[in-house]
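*Asks:* There's a structure below that I have some questions on.
The values are calculated or read from the model by the stated rules, or taken from the named source; none is laboratory data. If you're wondering where the values come from, they're calculated on a predicted model, not measured in any experiment. Cβ atoms come from the backbone with ideal geometry, glycine included; neighbour counts cover every protein chain shown.
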Amino acid sequence: MLRIGLISDTHGLLRPEAEAFLAGCDQIIHGGDIGGADILERLGAIAPVAAVRGNNDDGDWAGSLPETRMLCFGKIRIYTIHDLARMEIDPAAAGVSVVVCGHSHRPGILEKDGVIHVNPGSAGRRRFTLPISIGELAIDGNAVVARLAKLVPAGRDAAAFVRDS
């Protein structure tokens, strides 16, 4: 079984709770609005990273980041884009199993036309009353399960994160 960590909208802040959640992942996907090359370097120390450029990612460090990315794990195809409103493909027609996005800071999982859409939410600074969150994909052969987790700031709770199914 493969464990793919999903993170987005860090905006230059990689929380220790996020690093702890991602420990042991086989791959990490960052859905954009990274905030700096140092975030990608720190994530890369945990697992290989595939990232897309968000609307706030600019500067020399972000120039080589693609706006979209397709990853394949066996027959499972994962399409990543920061802002779903900019998606120019039909994921079902393209044989995509999972779409990973960010931008809205709203964590969510929904299935549409047989494709799982996952927004891990924002793992960076809190925005309005939205939770600080992260996600993961568990891939076992041709099966994929998406999960979200709320990150709990250190000192507020004994657990560093809470898994939601």
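*Asks:* Only one of (1) charged (D, E, K, R); (2) under 23 Å from residue 47 (Cβ atoms); (3) modelled with pLDDT of 95 or more fails for residue 164. Which number is that?
*Replies:* (3)
*Asks:* For region 37-64, which residues satisfy the criterion of being among the charged types (D, E, K, R) and touching an Asp or Glu at 6+ places or on another chain (Cβ under 8 Å)?
*Replies:* Scanning region 37-64 gives 42, 53, 57.
To keep it simple, each residue is scored yes or no on (1) in contact (Cβ under 8 Å) with a residue 12 or more places away in the chain; (2) part of a strand (DSSP E or B).
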position: 10; (1), (2): yes, no
position: 24; (1), (2): yes, no
position: 41; (1), (2): no, no
position: 56; (1), (2): yes, no
position: 71; (1), (2): yes, yes
position: 79; (1), (2): yes, yes
position: 94; (1), (2): yes, no
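*Asks:* All but one of (1) surrounded by fewer than 12 Cβ atoms within 10 Å (Cβ to Cβ); (2) closer than 20 Å to residue 11 by Cβ hold for residue 151, so report the exception by its number.
*Replies:* (1)
*Asks:* Ok, one more. From the list 29, 4, 34, which residue is of a type in the set (Val, Ile, Thr), surrounded by 23 or more Cβ atoms within 10 Å (Cβ to Cβ) and touching a helix residue (DSSP H, G or I) at 6+ places or on another chain (Cβ under 8 Å)?
*Replies:* 34
*Asks:* Another question, if that's okay. Of all strands (runs of 3 or more DSSP E) completely enclosed by region 104-145, which ones contain at least 3 residues that are of a type in the set (A, V, I, L, M) and surrounded by fewer than 24 Cβ atoms within 10 Å (Cβ to Cβ)?
*Replies:* Values: elements: 108-112, 115-119, 133-140.
Answer list for region 104-145: none.
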